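Q: Structure provided below as structure tokens; questions to follow.
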Amino acid sequence: IAKPIQPSDLHQMIQDAYAYKAEAVAPLEIRGEKETFYIPAQQILYIEFEKEMAKLYKLDGSCYEFMSNKEDLAYSLEQHPSFYVNHKYQIINVNYIEKISFGKITLTNKKILPYPFLEKSYLEGLIH
């Protein structure tokens, strides 16, 4: 800031700060039993659960494996508009669904995941 401060310059800086804040996306807080990950929602492809373990797959192909209560994690991510939680406690980022067919979802990385066929119209609504 150049001194003396001019009201017009300050006004523009405040507008720029508000614009930046509006565009900034806070990362999701993924809490495991012993660790916490901060990952932007747009980087999460899907999450699968096996007993007490969760595997979070990212767009870049990396995978985080951690202990997690699947009900709590599913509930917290279900509140986010980009995620679909099915009865098998798979959490899928709907932005990366390439195709929905009879009981199967194909993701952009060609991974095929099952889903309850009765939820097809709900899933199509989430995508569009």
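The values are calculated or read from the model by the stated rules, or taken from the named source; none is laboratory data. These figures come from a predicted structure and were not determined experimentally. Virtual Cβ from ideal backbone geometry, glycine too; neighbours counted across all protein chains shown. For the accessible areas, the whole protein counts, side chains as well, though only heavy atoms, and no ligand, DNA or RNA atoms are used. Shrake-Rupley method; radii C 1.70, N 1.55, O 1.52, S 1.80 Å.
Q: Heavy atoms only, 1.4 Å probe, whole protein assembly: order Ile5, Ile44 by accessible area, highest first.
A: Ile5, Ile44
Q: Which of the trypsin sites (Lys or Arg not before Pro) found in the stretch 30-78 are loop residues per DSSP with 14 or fewer other Cβ atoms within 10 Å of their Cβ?
A: Here the trypsin sites (Lys or Arg not before Pro) that fit, given the DSSP loop and packing criteria, are Lys34, Lys51.
Q: Oh, and also: Where the accessible area of the chain is counted over protein heavy atoms with a 1.4 Å probe, how much of it, in %, is carbon and sulfur?
A: After summing per-atom areas, the C and S share lands at 53 percent.
Q: Continuing with this model, one more query. Kindly give the semi-axes, whole Å and largest first, of the ellipsoid equivalent to the chain, taking each as the square root of 5 times a Cα gyration tensor eigenvalue.
A: 37, 19, 12
Q: I'd like to check one number: the per residue accessible area of the chain, probe 1.4 Å, reported in Å² as a whole number.
A: In whole numbers, the chain has 68 Å² accessible per residue.
Q: Please calculate the 1.4 Å probe accessible area of Lys99, with all protein chains present, and give it to the nearest 10 Å².
A: 120
Q: Return the lysines within reach of Lys120: Cα separation strictly under 25 angstrom, same-chain partners fewer than 8 residues apart disregarded; answer none if there are no such residues.
A: By straight Cα distance, Lys120 reaches Lys55, Lys58, Lys70, Lys88, Lys99, Lys104, Lys110, Lys111.
Q: Scan the stretch 1-75 for GluC sites (Glu not before Pro) in coil per DSSP, keeping those whose Cβ has at most 15 other Cβ atoms within 10 Å, and list them by number.
A: Qualifying residues, ordered by number: Glu33, Glu35, Glu52.
Q: To the nearest 10 Å², what's His87's accessible area with a 1.4 Å probe?
A: Per-residue accessible area (His87): approximately 110 Å².
Q: Filter the chymotrypsin sites (Phe, Trp or Tyr not before Pro) in the stretch 86-122 down to the DSSP loop ones having no more than 14 other Cβ atoms within 10 Å, then list what survives.
A: Phe102
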